[in-house]
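Below: one structure, written as structure tokens.
The values are calculated or read from the model by the stated rules, or taken from the named source; none is laboratory data. What you are looking at is a predicted structure, and each value in this text was computed from that prediction instead of being measured. Note: ideal-geometry Cβ built from the backbone for every residue, glycine included; neighbour counts use all protein chains shown.
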Amino acid sequence: MLEAAPHKEPQSAPAVLMVRPARFAFNPQTSASNSFQELPRAAASAPPGSGAPGSGAPADVQGAAVREFDALAERLVRAGMTVIVAHDSAEPAKPDAVFPNNWVSFHRDGTIVLYPMMAPNRRLERREELIRQVIGAGPFRVTRTVDLSYREDHGRYLEGTGSLVLDRPARIAYACLSPRTDLDVLGEFAQQLDYELAAFEATDAAGRPVYHTNVMMAIGTGFAVICGDSITELKRRDAVYAQLTATGHDIVEISPAQMHAFAGNILELAAPGSTVIAMSTTAWGALEPRQRRALEKHGEVLTADIPVIERCGGGGVRCMLAEVHLARRS
């Protein structure tokens, strides 16, 4: 294992970037590789263009997504988190802008990383003005930018902390390989940021590659949630469990069905004087009492109801939060 770097990061961030959607919708450019996405259900009773609740009309889906977004942001603020709310631009349309953690990450040593995205319309989410808003909100100290987005020109992708689940203190990057998570780009990330790689293949119950690592596992300061059944190779599964145990994590095992209910898509955050474990009500509802108790030992569980974002976008609460680990300027 690599020795901890001098710029050792805590696992939990005290601040997050959230992007309020302007044109949230089902994204056909991502659905082929994301089995968590579902087309909005049309209600036979809803007249065309009515935008009636549940109709699946664009205005209805966008309106529901904004309400879900605002409720989550408010809950985090009430828990004491610093929440930097940026606003998506209406043009060009960016249906997945609510998931900023896929295109940017902010690190304790002042590094900002920009990532290569598989879907062309998701590349539009990388906006310099949002990065400037984050930096100014601290104000935060930035020392360098590592831009991996050039890899898109070669058809190789790494979608941020969707593709990567980082054990920041131990400098280990866990990643399940998929069309959105390329081994070569993983290697470049690891070299640039001084991480050890723990890469493996994982599939869902239907045998399809798990599109993002952060739907099948999550790492907190003292716990790790993981769907071990999804890791296809037994030796790699054992190695991942051994590594998590060696770094002091209590393992909370979830099933493939629970994974599909976003039970692995959770994020530990550092609120003043407490630890917050953020997840959706869908994820919390899928957990058994013993699993809930295991998580509650490590922090205060904060849940938010985001069914439209989960179903249409195929991502959960964790996907909506880009942690800001940057140190504040003096």
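Can you find a residue in the stretch 172-183 that is touching a Cys at 6+ places or on another chain (Cβ under 8 Å), in contact (Cβ under 8 Å) with a residue 60 or more places away in the chain and over 25 Å from Pro14 (Cβ atoms)? No; the residues of the stretch 172-183 include none that is touching a Cys at 6+ places or on another chain (Cβ under 8 Å), in contact (Cβ under 8 Å) with a residue 60 or more places away in the chain and over 25 Å from Pro14 (Cβ atoms). Any residue at all in the stretch 252-267 that's over 19 Å from Ala294 (Cα atoms), buried (at least 21 other Cβ atoms within 10 Å of the Cβ), β-branched (Val, Ile, Thr) and without any contact (Cβ under 8 Å) to a residue 60 or more places away in the chain? Checked the stretch 252-267: no residue is over 19 Å from Ala294 (Cα atoms), buried (at least 21 other Cβ atoms within 10 Å of the Cβ), β-branched (Val, Ile, Thr) and without any contact (Cβ under 8 Å) to a residue 60 or more places away in the chain. Of the residues making up the stretch 63-81, those that are in a helix (DSSP H, G or I), closer than 23 Å to Gly273 by Cα and of a type in the set (Gly, Ala, Ser) are Ala71, Ala73.
Can you pull out the residues in the stretch 268-292 that are under 23 Å from Ala13 (Cα atoms) and without any contact (Cβ under 8 Å) to a residue 60 or more places away in the chain?
First, pick out the residues of the stretch 268-292 that are under 23 Å from Ala13 (Cα atoms): 268-281, 283-284, 292.
If the condition is that a residue be under 23 Å from Ala13 (Cα atoms) and without any contact (Cβ under 8 Å) to a residue 60 or more places away in the chain, then Ile277, Met279, Ser280, Thr281, Ala283, Trp284, Arg292 are the ones that fit.
Taking only the stretch 218-232 into account, find how many residues are among the hydrophobic types (A, V, I, L, M, F, W, C) and under 22 Å from Ala271 (Cα atoms). First the steps, then the outcome.
Step one: filter the stretch 218-232 for residues among the hydrophobic types (A, V, I, L, M, F, W, C), giving 218-219, 223-227, 231.
Checking which are under 22 Å from Ala271 (Cα atoms) leaves us with 218-219, 223-225.
Looking only at that region, the number is 5.
Between Glu310, Glu268, the distinction of being assigned to a helix (DSSP H, G or I) and of a type in the set (Asp, Glu) belongs to Glu310 only. Checked against the criterion of being within 21 Å of Ala327 (Cβ to Cβ) and touching a strand residue (DSSP E or B) at 6+ places or on another chain (Cβ under 6 Å), the candidates Arg144, Arg168 yield just one match: Arg144.
Restricting the stretch 255-284 to residues that are in contact with an Asp or Glu (Cβ under 7 Å, 6 or more places away or on another chain) and of a type in the set (Gly, Ala, Ser), the residue that is farthest from Thr221 (Cα to Cα) is Ser255. Would you confirm whether or not the stretch 78-86 contains a residue that is of a type outside the set (Val, Ile, Thr), touching a Phe, Trp or Tyr at 6+ places or on another chain (Cβ under 8 Å) and at negative phi? No, the conditions are met nowhere in the stretch 78-86. Every condition in (1) at pLDDT below 95; (2) surrounded by fewer than 21 Cβ atoms within 10 Å (Cβ to Cβ) is met by Pro14 except one, and the failing one is (1).
For residues that are among the hydroxyl-bearing types (Ser, Thr, Tyr) and buried (at least 19 other Cβ atoms within 10 Å of the Cβ), tally how many sit in the stretch 188-224. Break it down stepwise before answering.
Of the residues in the stretch 188-224, the ones among the hydroxyl-bearing types (Ser, Thr, Tyr) are 195, 203, 211, 213, 221.
Next, from what is left, pick out any that are buried (at least 19 other Cβ atoms within 10 Å of the Cβ): 195, 211, 213.
Total satisfying the criteria: 3.
One residue stands out in the stretch 80-109 among those that are in contact with a Pro (Cβ under 9 Å, 6 or more places away or on another chain) and within 24 Å of Pro169 (Cβ to Cβ): the one that is surrounded by the fewest Cβ atoms within 10 Å (Cβ to Cβ), namely Gly80.
A count restricted to the stretch 204-230 and to residues that are hydrophobic (A, V, I, L, M, F, W, C), assigned to a helix (DSSP H, G or I) and without any contact (Cβ under 8 Å) to a residue 60 or more places away in the chain stands at 0. Looking across Thr181, Thr161, one residue alone is of a type in the set (Ser, Thr, Tyr), touching a helix residue (DSSP H, G or I) at 6+ places or on another chain (Cβ under 6 Å), more than 23 Å from His249 (Cα to Cα) and surrounded by 16 or more Cβ atoms within 10 Å (Cβ to Cβ). It is Thr181.
To keep it simple, each residue is scored yes or no on (1) of a type in the set (A, V, I, L, M, F, W, C); (2) in a strand (DSSP E or B); (3) under 19 Å from the mean Cα position of the chain (by Cα); (4) at pLDDT below 95.
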| residue | (1), (2), (3), (4) |
| --- | --- |
| Val252 | yes, yes, yes, no |
| Met259 | yes, no, yes, no |
| Met279 | yes, yes, yes, no |
| Trp284 | yes, no, yes, no |
| Arg292 | no, no, no, no |
| Gly316 | no, no, yes, no |
| Glu323 | no, yes, yes, no |
| Leu326 | yes, no, yes, no |
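Residues of the stretch 167-179 include at least one that is within 16 Å of Phe36 (Cα to Cα) and in a loop (DSSP other than H, G, I, E, B).
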